[in-house]
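Scroll down for the structure; my scribbles are underneath it.
The values are calculated or read from the model by the stated rules, or taken from the named source; none is laboratory data. No experiment lies behind these values; they were computed from the predicted model shown. Here Cβ is always computed from backbone atoms with ideal geometry, including for glycine, and neighbour counts include all displayed protein chains. Please note that ligands, DNA and RNA were not included when accessible areas were found on the heavy atoms of the full protein model with its side chains. Shrake-Rupley method; radii C 1.70, N 1.55, O 1.52, S 1.80 Å.
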Amino acid sequence: MPTTARLFGTDGVRGLANVDITAELALRLSVAAAHVLGDDARRAGRRPKAVVGRDPRASGEFLSAAVIAGLASAGVDVYHANVLPTPAIAFLTDDTHADFGVMLSASHNAMPDNGIKFFAAGGHKLDDRIEDEIAARLDQDWERPTGPDVGRVVTMPDGHTRYISHLLTVLPNRLNGIKVVIDGAHGAASQVSPEVFRLAGAEVYEIGTEPDGLNINDGYGSTHLDHLKAAVVARGADLGIAHDGDADRCLAIDHTGTEVDGDQIMAILAVSLKSRGALAQDTLVATVMSNLGLLQAMEREGVAVRQTAVGDRYVLEDMRASSYSLGGEQSGHVIFLDHGTTGDGVLTGLMLAARVAETGKPLAELATVMRRLPQVLINVKGVDKARVETDDELKAAVKAEEEALAGSGRVLLRKSGTEPVVRVMVEAAEQEQAQAVADRLVDVVKARLSL
């Protein structure tokens, strides 16, 4: 079991497969989840139902078997969707009216890791209270059902088709005439993403779409863009789309081989939705780590920007609370709340390609809607992160640097949630200026917060 004080992290339970994330833990966790997330169904006099999926990493084979065994032993009917993206499992949880969903994936992490993530009814991520309730039930005694009361396990052969049909239904226009390279990271979208792009009318070239259980995220995908950049240029493609292992994020490459990051993607899509009257309250939700260039661009385009703490779950919470339709992170997690309950890299890629097809403009031109300010991020280790917001001299140094930037840049100091680390982030009009400000603040952090 993970050694952290809290079992659940920011995105489920994650760690080294067969060391931290064991079959025993997966079984116990699924039983506890069955009792917590299946309560409403039992009170209504029916048997709970769950959708289970995974990414293609090898450990997912035995871990999904353990999860399914635990759920069925606790009286839950299991619909096994097998290998599909995380957003597909969230969608199917809602589409099949399941009581909850389970996804086994470690997203962009290397192959040896794995994780277990739960979705509540409707395909929504769990809040901390529910996760802690599940963790508290791990070792509680429970009454085992017998005979006809045990859960049944069936495969879901139409899960793939249902998800693709959903994506095609929400696409605003066809992709005819668009050439796109898809990098599936040898992950969960390796089959789905190329297929849906072709069905939408695009000419598709594939890389990183041959998962063997061992090669997920290995040199391909959204954290390794060199192969995609080269392929886009070599093929003369209009754009490239890079997913991570579970395809809940998307980064893009324009026809020149230049990266288009999550902030630029959100800017393009916000303008697109606004032009169609589909951007709720003309508002975009982003995190405090989004580039200042995004805020400046959205102000010019008449789009308000709300900023949350770092993490797509916080973006989603703010979106749901106020019914906003678009939000996301610089890393490429983009949420279309009208069409899904979590970040969906396949849908994001489709929407981006649709904008290229609709306007007839190259992605490189569309991306000029915002100018990314040079950004420097330095992790200062071995310091007392608890004092980052209270030390008077540090606060004064930050204020002085912000005043010197005079609105042309930004300073953000953030403590790590898991390590004795303070992250110093500076944006400025020029790279050298950003680096100089960051270096000065790092010196202050070390001097004031050293352990």
Name the shape class, rounded, prolate or oblate, that the alpha-carbon gyration tensor gives for region 150-200, where a ≥ b ≥ c are the square roots of its eigenvalues, rounded holds for a/c under 1.5, and otherwise prolate holds if a/b is larger than b/c and oblate otherwise. oblate
In region 1-70, the trypsin sites (Lys or Arg not before Pro) that sit in a DSSP loop and have at most 13 other Cβ atoms within 10 Å of their own Cβ are 6, 46
Scan around residue 285 for amide H atoms under 5 Å from its own, H built in the peptide plane at 1.01 Å from N, and keep only partners 5 or more places away or cross-chain. 306, 326, 327, 328
For the chain, the fraction of alpha-carbon pairs in successive 10 Å shells from zero, as %: 4, 20, 29, 26, 15, 5, 1, 0
For a 31 Å ceiling on Cα separation, which of these pairs sit above it: 229/361; 125/415; 49/229? 49/229
Whenever you get a sec, compute what percent of the accessible area on region 1-111 sits on carbon and sulfur atoms (1.4 Å probe). 54 percent
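Give the carbon-plus-sulfur fraction of the accessible surface of region 385-424 in %, rounded to a whole number; probe 1.4 Å, heavy atoms of protein chains only. Spell out each step's value before the answer.
Details: 1140 of 2250 Å².
Its accessible area is 51 percent carbon and sulfur atoms.
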Over 5 Å intervals from 0, what percent of Cα-Cα pairs in region 121-217 sits in each interval? 2, 10, 12, 13, 14, 13, 12, 9, 7, 4, 3, 1
Where in region 112-126 is the amide nitrogen less than 20 Å from a point lying 7 Å along the Cα-to-Cβ axis of residue 62? 112-117
So for R0 = 25 Å, FRET eff. of residue 395-residue 436 from the Cβ-Cβ r, to 0.05, ends up at 0.80
For 180, 153, the accessible-area ranking with a 1.4 Å probe, largest leading, is 153, 180
Region 122-137 - phi-based ³J(HN,Hα) in whole Hz, Karplus 6.51/-1.76/1.60, Gly and Pro as x: x, x, 8, 5, 7, 7, 4, 4, 5, 4, 5, 5, 5, 4, 5, 8
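Report the extension gain between residue 110 and residue 142 in nm, rounded to one decimal, defined as 0.36 nm multiplied by the number of residues separating them, less their alpha carbon distance.
Values: separation 32, 0.36 × 32 = 11.52 nm, distance 3.57 nm.
Extra length from residue 110 to residue 142 when fully extended: 8.0 nm.
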Add -39500 (n - 2.57) for each DSSP H run of 4 or more in the chain, then divide by its residues: what number comes out at 222 nm, to the nearest 500 deg cm²/dmol? -11500 deg cm²/dmol
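For the chain, what's the relative contact order in percent, using C-alpha pairs closer than 8 Å and at least 6 residues apart? If you can, show how the numbers build up before the last one.
On the way: 1024 pairs, mean separation 55.0, N = 451.
Computed value for the chain: 12 percent relative contact order.
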Angle check, please: helix 59-73 long axis (alpha carbons) against the longest principal axis of the chain (alpha carbons), in degrees 0 to 90, nearest 10. 50 degrees
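Checking the a/c ratio against 1.5 first, then a/b against b/c, what shape does the Cα gyration tensor give for region 262-361? Let's see the in-between values first.
Working: a/c = 1.41, a/b = 1.23, b/c = 1.15.
Cα axes put region 262-361 in the rounded bin.
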Give the cross-link partners of residue 446 among the aspartates and glutamates, using a straight C-alpha distance below 18 Å as the criterion and excluding same-chain residues fewer than 8 apart. 384, 389, 391, 392, 393, 401, 419
Amide H contacts under 5 Å for residue 83, placed H, 5+ residues apart: 54
Tensor-based shape of region 189-290 (alpha-carbon gyration tensor, a/c under 1.5 rounded, otherwise prolate or oblate): prolate
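So which GluC sites (Glu not before Pro) in region 94-159 pass both tests, a DSSP loop state and at most 15 other Cβ atoms within 10 Å of the Cβ?
On the way: sites: 131, 133, 143; in loops: 143.
Answer by residue number: 143.
Before I look further, what does region 124-188 give for accessible area per residue, probe 1.4 Å, in whole square angstrom? Let's see the in-between values first.
Values: 3590 Å² over 65 residues.
Averaged over the residues of region 124-188, the accessible area is 55 Å².
List the trypsin sites (Lys or Arg not before Pro) in region 380-445 that DSSP assigns to loop (not H, G, I, E or B) and whose Cβ has at most 14 other Cβ atoms within 10 Å. Which are they?
Working: sites: 381, 385, 387, 395, 399, 410, 414, 415, 423, 440; in loops: none.
Those that pass, being in a loop and sparsely packed, number zero.
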